[in-house]
Amino acid sequence: MTSRFTAEALRPSSPSVDKLHYFLSFLSAWEKHTNGKDGFLSQSTATGLRVTLSSVLSLLEYLAQHVGFKYVMTSRLSQDPAEHLFGIVRQSSGCNSHPTPQQFVVTVNCLAFKNLAHSVSKGNCEPGVLSSLLDADACQKRAPSGKQELVDKLLDEGNIDAADTALLRKLPDHSQEASSDSRLIFYIAGYVARKSIWKTGRESCLNLLLMNKEEAGNLSLAEFTRMKDNGGLLYPSPLLYQFVADLENAFTTCFSLRELHSDSILDIVEVVKAKRELQLGCPDHCKNVAAELTAFYLTTRLHFSLRALTAATLESARLRST
């Protein structure tokens, strides 16, 4: 009657069921032999035993025949949940472990219909202390978790593999996808162009992927670049900017879902390949330019991410040691 794991669970047509039926018969025979007087259980105890055993057998029969259950864990039918509720009610009354009937009713109503936790009169906890806890109906109103937002975004982009990875991994619900300032992406896109495209000297590609400073004069994206420009900085065209922005979004999405490890570069390459076809520049060089730019950007981005992570770890260790 107190099975807590499947090996000892109560099953239809099992020896345990036969024993319960036998005990009920024995109880009736015992009562008849003593005429319900001396030598027999009290009337309340006998009635309680019959009700308990008969209820368990009836419930087992119903669940097996109509619901499809294979067994019943009888420990779930005990009064432990009721005792647990009474324990919560007693704790809600502060140092008073024996609440009055009025306090009991107020506490149960608060737990059932109002807040997950609510201080009662003459308790040792002020109402303001519990104001930060959620109401019982808050689960229907709360905003999507960080994990849910990531999965929704990946599904909207058609990146099924990354969404599947996010669902399989045990991410905390408060995890959020990192993002980068678009003005910084514009600045970095010019740097990437100088390192991977400018040196090739391909006029057809440069005309498509770069623009002069005057053309970028009214762009809010170019504010940071103009501020840093003492002569010589490159201004990416909308085509190049969007390509680098997509790479950055892929990078931040990837490492919002996965931890850094020795093969992290393979993880980000997989995400980038799944997001879009790698083509950039003129028709003659679009694949080569895209491959060179992608390789340079991802390698550089990962390098600086590791440097920042290492610096943060060392600083944290230094603060703990002081």
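All of the numbers you see were taken from the coordinates with simple rules; none came from a lab. Keep in mind it's a predicted model, so treat the numbers as computed, not measured. FYI the Cβ positions are ideal-geometry reconstructions off the backbone, even for glycines, and counts take in every protein chain you see.
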Grab the other residues whose beta carbon is less than 14 angstrom from that of GLY217, score K and R as +1, D and E as -1, and report the net. -2
Please state the relative contact order of region 6-77 as a whole percent: Cα pairs under 8 Å, 6+ residues apart? 53
Counting only other residues whose beta carbon sits under 13 Å from that of LEU184, what net charge do I get with K and R as +1, D and E as -1? 0
Hey, could you pull the Cα Rg and Dmax for region 1-118, both in Å? 19.5, 55
How do the peptides 239-252, 287-300, 13-26, 203-216 rank, highest first, by the average count of neighbouring beta carbon atoms within 10 Å per residue? 239-252, 287-300, 203-216, 13-26
ARG226-LEU302 FRET efficiency (beta carbon distance; Förster radius 30 Å; 0.05 resolution): 0.60
